[in-house]
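*Asks:* The structure follows.
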Amino acid sequence: GVWSLPAMSTAPQQMPYGLVKRGANGARERSVSPTITLYENRRAALENMARMSNMGLHVFHPDWQQTPGGGMPRGRQYSTSFKTVTLKILGNDEQLTFPVQTCTRVHDVKENLARALTLDPESIDFIVRKGCSTRKMLPSDEMATVVTVKGIASFKPQKHRWPHPVGIIGAGYNGLKTAMAYIKSGDTNFVCFDRNDQVGGYCWITAANKSSKLQTEFGSFHIWWGEDMVTEGCQYPKGWEIWPKKAEVLKHFHYAAEQYGVLPYMQFKSNVAKLDIIGDRDHHEHYYKLMVNSVESGDSREVNVSVLYNYPGCMTRNRIIDYPGEDVFGGLVAYGMNDDCPYEELSGKNIAILGNGAFAVENARTAVEHAANKVYLLTRRKNLASPRVPCWFVHQGPVPTPGKLVLDMFKPMYELADFGDPWDYWSVNASKDKSKVSIIQNSRFGIGDVTFLMTLYGKLEYVQDTLKRLTHQTLHLTSGRKIEDVYIILKSLGLLGDFTVDRLHKMKQMVGQWCDGDWRRPLLIDAIGMNAANFTTFSTGIGSHGFVNTQKYLHDHPKEYYRMQEMGLLKQLPVNKADEELDKPAYCYDVKYAMGAAIITESMNPKLSELSATDPEYKYRMYHTAHPLDFYLQECINDWDNYQKMFKEQGCTREYVPYPYTKEMIEGYFQTYEELTHVPARASGPDMSRGIEVPDNSVGSLPSWAKEEHQLESLSHQLARDKTWWAQQSGNKADLFQRSDHDLDVVTPERLALKA
C-alpha cells in the first residue's frame, strides 16, 4: 500500500458524519469517523518514521514517487508500507522488535544496529529460515519479518573493557563523583589517587576555614546529585543542613564514599608525580604509565592506566600583590584561607578585605560573626551579589531561569539595602527594553542575605576604589580617602593555577576539556567567572554530573568517540593555551570556554544529550523535597532575624528590618517564570504521586521528542527534502523519483489520503 505524509492543513476541517449502525439492542450507534481513522493511521505512520529515524534507518518518503493526478507510474517503484521486524539473538532468548518499510534493505539495518551497539557491521550476520533450511541474508535483500542475528551477545550496547584500570587524580568533589559513577554502573576497574588522607579535596580540606559555609543550598551541591545517582542510602537530600559548614560538608563526602563503597579503590597520601604515554597517542592501544609517590615515605611505584581523569581542584595559589608600606602597617596581612586569619581576635576591631569575589563576601560574614566592629570591602568595581531566594529559585527550576527574572528577583533586596538597581551594574548587558540580558563578570555571585543585612546595620561598607599604600593601621586609597584603625587586611584578590598540572601532562593547551586534545585525559576545574543569559545553577552539582556522565559514556563506548572524531570534533572544539606572562596555565579555563566545549561535544552525538534527559524534572522534584518553599523561606527569615539579634548584642541600635521576600512575591516569580519559559512550575512543587519518567533509549524505541505532533510533522518534512541516500542506492535518480519537481509543502486532496 501507499501512505502519504503531508503537512497538516491549518484550515479548520469539517468533521464528516460517521456512518450509522445499530447495536445489539437496536440503538443507533455511530461508527468511527473516517477522519479519525485517517488521523490515527497517519499518526502511527509518523511514529514509525520516528522509530526508524531514531535507529538511523533511512525512510523512503512516498512523495518522491507520487505521480500527477491519475497518471501511471514509470520506472522502478518502492513499497513504502510498514511492517514489523523481530530480531532474535542466536543462542539466547533476547528479542528486538521495530518497524521498517517493505523496501528497507538488510545492509541499512545491519549497519545501524552495529552503530547502536558499537560493533563492526562485518561481525554481524542475519539468518532467515526458508522452510526446513536457513540462509544468510544478503546486504541487498529486503528485511524479513523474523530474523536471527549471529555475532552479538545483547541488543544493549556493551561497555568496552580497557586492559588497564581507569585512573582518577583527586578525591575531591569531582574525583569522588567519578568514582561513585563507576561503582553505580557496576564497574570497579578504577583507582583514585589523592595527596590527602581522606575524601574532600583541596577546596574543603585545605582552603576552607573551619567557619566556611556552603553559600548555595545543599540540594544543588550534594555529591550524589542526579536521578541516576540515587540509591537506598543516598536519596533526595532531605534532613541535611541547608547551608552546612565545613565539617558538615566533609561529613557528607565521607557518608557518600561509604554508602557507595568507593574507599577500597582510593589510594590516599599518593601524589602522581610523572605521566608517560606508552604507545602512539592516536592509536587505541596506548596507555599511561604513572609514577606515584607516597606523600609520607617518598617511595615510588608505577601504575598503568588506560584512561586518566584529572581534577586539580580550584586554582590553588593566592594572587600575590604587595603594597607599599606593608612593613609598617603594624597589623596582620593574610589571605582569609586555611584559618590563617585569627578571627577570634577581631572583636571590636576593623578589618579590610581586598576583592569582591565569593570568598571575599564569605570572609566578611565570618568577621562579623566574630564581632568585628566594621568590615571594609575594597573593590575596583562592585560585583553583583545574590540574595538567597533567587538562588533557591534558580536551582529548583526545571529549565534555566532567564537572566531578566534573576535580576528582577534581586531587586527587593537591593532596594532595601540601597545597593542600587541590579540592571545598572557593570556586568549586566541588556537590550533597551530589558527583555534580554546577559551577565558577564570575572567571579561568581557571592550568595547570602547577610551581606545586605551587614550593610544595613553599618557592619559592612563597600568601597569602590583601589589601594595605593599603607601606613600604620591605615589604608591610603587612590581617591585620596584614608581608612584608619584597621587591624587586619585580607587579600581576597583571586587565585592562580599551578603550572605543575601542565607539566605533568607535558601540554601547552587544552582542546575542549581534554589535555592537549587527548580524549582519554579529561580535565575539569571549577571554571572561572560567569557568562550567562539563562541560569541553571549557581553551584557545582549539575555541571559535574554532566561532565562525568559524558566522559564516562565515551570511555565505555570508544567507537562513539571515534565516530565524532571523524566528523571533525577536535577541529570544532575551543582551544585554551597557556600564558606564562599572565601566570595562567593551560588547564585554567573560564566558564564561557567550558560551556562552549560541552555544547559542541554534546551536539555531535545525540546519545550524550539523552544522558541528561531526567535532569530538569529531577532538580525540580529534588529541590521541592529537600528544600520546600515554606520551610526554606522560614529558614531564611530565621537566619535574617538571628543575625539582627546578633548585631544588636554587638551594640547596633538600628530598628528591626523585615525580610524583603514573601511567599506571595515568590508565587509571582513562578508565574513570570512560566510566562517567559512556557514551562509550568508551581511554588508548591511538582506532583510527587508519580515517579520520574525515564526515557526509553533502547534500540528501536520511540524517541521522547516524538510525543509532540509538531515534531513528527517536522521530521516528515525533513525526510522528504533529503533524497541523497536513496538516490545513491538506486543508481538511477530519474527512475526512482518521479515527482522531483513536486512542492512538498502543497497540501492536496491526494496527499491527504492515507491508504492502508
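The values are calculated or read from the model by the stated rules, or taken from the named source; none is laboratory data. All values derive from a computational prediction rather than experimental measurement. Note that we place each Cβ from the backbone using ideal geometry, even for glycine, and neighbour counts take in every protein chain shown. Calculation scope for accessible area: heavy atoms of the full protein, side chains included, ligands and nucleic acids excluded. Shrake-Rupley method; radii C 1.70, N 1.55, O 1.52, S 1.80 Å.
*Asks:* When the accessible area of segment 231-347 is computed with all protein chains present and a 1.4 Å probe, what percentage of it is carbon and sulfur?
*Replies:* 47
*Asks:* Next question, about the same structure. Between Gln572 and Ala613, with labels modelled 7 Å along Cα→Cβ, what's the label distance in nm to one decimal, could you check?
*Replies:* Going from the Gln572 label point to the Ala613 one covers 2.1 nm.
*Asks:* Taking R0 as 56 Å, what's the FRET efficiency between Lys274 and Glu111 from their Cβ-Cβ distance, rounded to 0.05?
*Replies:* 0.80
*Asks:* Using a 7 Å offset from the Cα along the Cα-to-Cβ direction at both Thr35 and Val694, what is the distance between the two label points in nm, to one decimal?
*Replies:* 4.2
*Asks:* Which of the listed residues, Tyr620, Ile36, Gly325, is farthest toward the dipole's positive end in the chain, when Lys, Arg count +1 and Asp, Glu count -1 at the beta-carbon?
*Replies:* Of the candidates, Ile36 comes out farthest on the positive side.
*Asks:* Same structure again: Sequence-distant or interchain residues sharing an amide H contact under 5 Å with Ser212, placed H: which?
*Replies:* Lys246
*Asks:* Give me the accessible area per residue for segment 249-375, probe 1.4 Å, as a whole number in Å².
*Replies:* Heavy-atom SASA per residue in segment 249-375 reads 44 Å².
*Asks:* Okay, moving on. Relative to the longest principal axis of the C-alpha atoms of the chain, give the angle of the C-alpha long axis of helix 541-556, reported between 0 and 90° and rounded to the nearest 10°.
*Replies:* 50
*Asks:* Assuming R0 = 30 Å, can you tell me the calculated FRET efficiency for the pair Glu708 and Arg161, based on Cβ-Cβ distance, to the nearest 0.05?
*Replies:* 0.15
*Asks:* In Å², and per residue, what accessible area does segment 522-562 have when probed at 1.4 Å with the other protein chains present?
*Replies:* Result: 25 Å² of accessible area for each residue.
*Asks:* Using a Förster radius of 25 Å, what is the FRET efficiency between Gln650 and Lys245 based on their Cβ-Cβ separation? Nearest 0.05, please.
*Replies:* Efficiency, rounded to the nearest 0.05: 0.75.
*Asks:* Across the chain, where is the longest run that never hits GluC sites (Glu not before Pro) in a DSSP loop with at most 11 other C-beta atoms within 10 Å?
*Replies:* In short, 1-231.
*Asks:* Find the relative contact order for the chain and round it to a whole percent, using C-alpha pairs within less than 8 Å whose residues are 6+ positions apart.
*Replies:* Worked out over the chain, it gives 17 percent.
*Asks:* Still on this structure, please answer the following. In degrees from 0 to 90, rounded to the nearest 10, what is the angle of the helix 173-184 Cα long axis to the longest principal axis of the chain?
*Replies:* That helix lies at roughly 40 degrees to the long axis.
*Asks:* Now a separate question. Charges at C-beta only: +1 for Lys and Arg, -1 for Asp and Glu. How large is the resulting dipole of segment 442-484 about its Cα centre, in Debye rounded to 20?
*Replies:* 180
*Asks:* I'm spelling it out carefully: the read-out is Kirkwood radius over Cα pairs in Å, the candidates are (1) 31.2; (2) 28.5; (3) 30.2, and one was derived from this structure. Which label?
*Replies:* Checking each listed value against the structure points to (3).
*Asks:* What's the carbon and sulfur percent of segment 424-573's accessible surface, probe 1.4 angstrom, rounded to a whole number?
*Replies:* 50
*Asks:* Using a 1.4 Å probe, how large is the accessible area of Thr537, given in Å² and rounded to the nearest 10?
*Replies:* Accessible area, nearest 10 Å²: 40 Å².
*Asks:* Please calculate how many Å² of accessible area segment 90-181 carries per residue, with a 1.4 Å probe and no DNA, RNA or ligand atoms counted.
*Replies:* Here the per-residue accessible area is 46 Å².
*Asks:* May I pose another question? What residue among Ala720, Phe538, Ala706 has its Cα farthest toward the positive end of the dipole of the chain, where the charges are +1 on Lys, Arg and -1 on Asp, Glu, each on the Cβ?
*Replies:* It is Ala720.
*Asks:* Then there is this: Sequence-distant or interchain residues sharing an amide H contact under 5 Å with Ile89, placed H: which?
*Replies:* Residues meeting the amide H criterion: Glu94, Val149.
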